[in-house]
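The values are calculated or read from the model by the stated rules, or taken from the named source; none is laboratory data. Just so it is clear, the structure is predicted and the values come from calculations on it, not from any experiment. Heads up, the Cβs are rebuilt from the backbone with ideal geometry, glycines too, and the neighbour counts pull from every protein chain shown. In case anyone asks, the SASA skips ligands and DNA or RNA and just uses the protein heavy atoms, side chains included. Shrake-Rupley method; radii C 1.70, N 1.55, O 1.52, S 1.80 Å.
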Amino acid sequence: MKTTTDFHTERLNAGQKVGVINLGCARNLVDAQMLLGRLKKNGHRIVEATQAQTVIVNTCAFIEEARQESIDTILNLIDLKKKGKIKKVIVAGCLAQRYGKDLVKEFKDVDAFMGTPTMSRQDMREQVQLTPRHFAYVKICESCFNACSFCAIPKIKGKFVSRNIESVLKEVASLDAKGVQEINIIGQDITAYGMDIYRQKTLAKLLKEISRVCRNIQWIRLLYAFPAHMTDELIATMAQEDKVCKYIDMPLQHISDHILKAQNRNITTAQTYELVRKLRTAIPDVFLRTTYIVGLPGEDQAAFEQLRRFNQEMRFERVGVFLYSKEEGTAAALMPHQVPQAVKKERLGLLMSDQQAISKKIQQTFVGRRLKVLIEEQEPNSEDTFIGRSQYDAPDVDGLVYVRSSMMLTPGQFVNVNITDAYEYDLAGVAIP
Ligand code: SF4
């Protein structure tokens, strides 16, 4: 049985039909694209996983739920192998990186285990794009050095590493030349970009450089910003650069001072209020996406009520809520006053129902306005309705815009839309010829 910390695709018989099942986040998707790029370069044929002889499952190990999904997928593939439907099963990604040795003992029918890739060892232009052709994820850094008490990612991903600016610009230029319209800048903490190789926060500078090489690309979106690493320069750059979406995903995780301290987020309640005020002042139409964790050990009713009031006051446009998950090897796992699961779920439910009402009101403000929409696809079984996203909608996690059009619209096309209807998270409207 082979285990390796990097991808040694030479071990696969040449010309194999290889497919990947990608689990987890957009950062994992880029890892899968890198793996397929390496396989293609070594002469393997990249096909849909359903057509493949060798299937790679790129696993996620973030929280218990994700680990269970990864293990279920591995078991399904082993079953297909036993039935002779596929020849080889390869397990890659965070679960293999974190539990490689245990998995080897557990899954004798798996042919190889691969950890997560190392960006510096690969030309990032050699990825096989798994997203629709008109948008792409650009991973600018790996892992992070923030030791949030509830999070195991730094233990899985290792040392924080930024790519150099040249490498990012080459990749963006190659995506631009391929006709990509939208790039999503990702990492575990994009706001720490450059703190290792340039000894300072360099995301603002990188964004200006990226804007300059974009000809076809019209949208540059920021995902996974760490609040304590936000800078005035970055906020000003988001405001000034036309191609930078007026949108940022910035997980706050909580607002109460003692919970932020227990989470080791390096930010206070007051600093968080000030940061949101700065963003809203500098970029009046900015869409703020954030996430919270409810049920961290020590989160009493008062701390939770403070979070609810904060969320109602701030009226964030996009909110996700996670249940605290006790992660082996993390500081929070050893903390006293663990919160019962039922209480966590109740708190998540209350926050999400608050947010549904907030989001509905925010969506209503778009009725009668014109929005630029990037078309993703035609609505199934419809002649004249298409599905798209505005600059306020990140792929896969946010709302959609349903566009009625007498003209045929194609994926990757931008169209101006008069918004006629609004729902909790989605909008609908008519394309302007
Ligand atoms: S910023 Fe915190 S939550 Fe995010 S990956 Fe790093 S340690 Fe985990």
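Couple of notes before you dig in:
- Ligands, DNA and RNA left out, the accessible area of the chain computed with a 1.4 Å probe is 52% carbon and sulfur.
- Think of the chain as having a plus end and a minus end, set by charges on the Cβ of Lys, Arg, Asp and Glu; of THR118, PHE386, ILE375, THR118 sits farthest toward the positive end of this dipole.
- At full extension, LYS82 and GLN364 could sit 96.2 nm farther apart than now, given 0.36 nm per residue minus the alpha carbon distance.
- Charging the Cβ of each Asp and Glu at -1 and of each Lys and Arg at +1, and nothing else, the dipole of the range 370-431 about its Cα centre rounds to 340 debye.
- nm² value of the averaged projected area, convex hull over the Cα atoms of the range 4-113: 6.2 nm²
- Of LYS105/LYS261; LYS87/LYS178; LYS17/LYS326; LYS205/LYS372; LYS155/LYS178, pairs whose Cα-Cα distance is over 32 Å: LYS105/LYS261; LYS87/LYS178; LYS17/LYS326; LYS155/LYS178
- Dipole magnitude of the range 135-364 about its Cα centre (Cβ charges: Lys, Arg +1; Asp, Glu -1), debye to nearest 20: 260 debye
- Student exercise, the chain dipole from Lys, Arg, Asp, Glu Cβ charges, in Debye to nearest 20: 1080 debye
- Under 5 Å from the amide H of ILE21 lie the amide H atoms of ILE56, VAL57, ASN58, each residue being 5 or more positions distant or on a separate chain, with H modelled from the backbone and absent for Pro and chain starts.
- Theoretical FRET efficiency, 1/(1+(r/R0)^6), r = Cβ-Cβ of ASP102 and HIS337, R0 41 Å, to 0.05: 0.85
- Cα Rg, Dmax (largest Cα-Cα span) when computed across the range 197-309, Å: 15.9, 51
- Residues whose amide H comes within less than 5 Å of that of THR116, counting only those at least five positions distant or on another chain, are GLY93, GLN97 (H built at 1.01 Å from N in the peptide plane).
- Label-to-label distance for GLU383 and THR118 is 5.9 nm, based on points extended 7 Å past Cα in the beta-carbon direction.
- Here the Karplus curve 6.51 cos²θ - 1.76 cosθ + 1.60, taken at θ = phi - 60°, turns the phi angles of the range 160-167 into couplings of 5, 9, 9, 6, 6, 4, 4, 5 Hz, with x standing for Gly and Pro.
- For the range 135-364, the Kirkwood estimate of the hydrodynamic radius, built from every pair of different alpha carbons, is 18.6 Å.
- Rg and Dmax of the range 39-197, both derived from C-alpha coordinates alone, stand at 17.3, 50 Å.
- Alpha carbon centroid spacing (whole Å) that separates the range 334-353 from the range 265-284: 26 Å
- Residues in the range 101-140 that a label on LYS178 would reach, taking backbone N under 20 Å of a point 7 Å out along Cα→Cβ: 117-140
- Formal net charge of residues neighbouring LYS170 (Cβ-Cβ distance under 9 Å; K, R +1; D, E -1): -2
- log10 of Debye I(q)/I(0), alpha-carbon scatterers only, for the range 370-431 at 0.15, 0.20, 0.24, 0.29 Å⁻¹: -0.35, -0.65, -0.95, -1.38
- Over the range 203-250, the fraction of Cα-Cα pairs per 5 Å bin, rounded to whole percents and listed from the shortest bin up, is 5, 22, 35, 25, 10, 3, 0.
- Alpha-carbon centroids, the range 38-54 and the range 166-233: separation in whole Å: 30 Å
- Local electrostatic count, ILE74, Cβ distance below 11 Å [Lys/Arg +1, Asp/Glu -1]: -3
- Sites LYS372 and ASP232, calculated FRET efficiency, Cβ-Cβ separation with R0 25 Å, nearest 0.05: 0.35
- Computed P(r) (all Cα pairs; the range 281-339; 5 Å bins; percent): 4, 16, 21, 20, 15, 12, 7, 4, 1
- Computed on the chain, the Cα convex hull volume stands at 152 Å³ per residue.
- Value of [θ]222 nm, deg cm²/dmol, for the chain, DSSP H segments ≥ 4, -39500 (n - 2.57) each, nearest 500: -10500 deg cm²/dmol
- Near the amide H of LEU427, within less than 5 Å, lie the amide hydrogens of LEU400, VAL401, TYR402, all on another chain or at least 5 residues away, with H placed in the peptide plane.
- PRO395 sits among other residues whose Cβ lies under 10 Å from its own Cβ, and their net charge, with Lys and Arg +1 and Asp and Glu -1, is -3.
- From phi via Karplus (6.51, -1.76, 1.60), per-residue ³J(HN,Hα) for the range 354-360 in Hz, x at Gly/Pro: 4, 5, 4, 5, 5, 4, 4
- Value of D in µm² per second that Stokes-Einstein yields for the range 302-433, Kirkwood Rh from Cα pairs, at 20 °C (1.002 mPa s): 125 µm²/s
- Whole-number accessible area per residue in Å² for the chain, which is evaluated in the context of all protein chains at 1.4 Å: 43 Å²
- Label-point gap, in nm, between VAL128 and ILE432 - each point 7 angstrom along Cα→Cβ: 4.2 nm
- Stretching the chain fully between ASP285 and THR268 yields a gain of 3.6 nm (0.36 nm per residue, less the alpha carbon separation).
- Extent along principal axes [Cα atoms of the range 344-385; Å; largest to smallest]: 43, 26, 15
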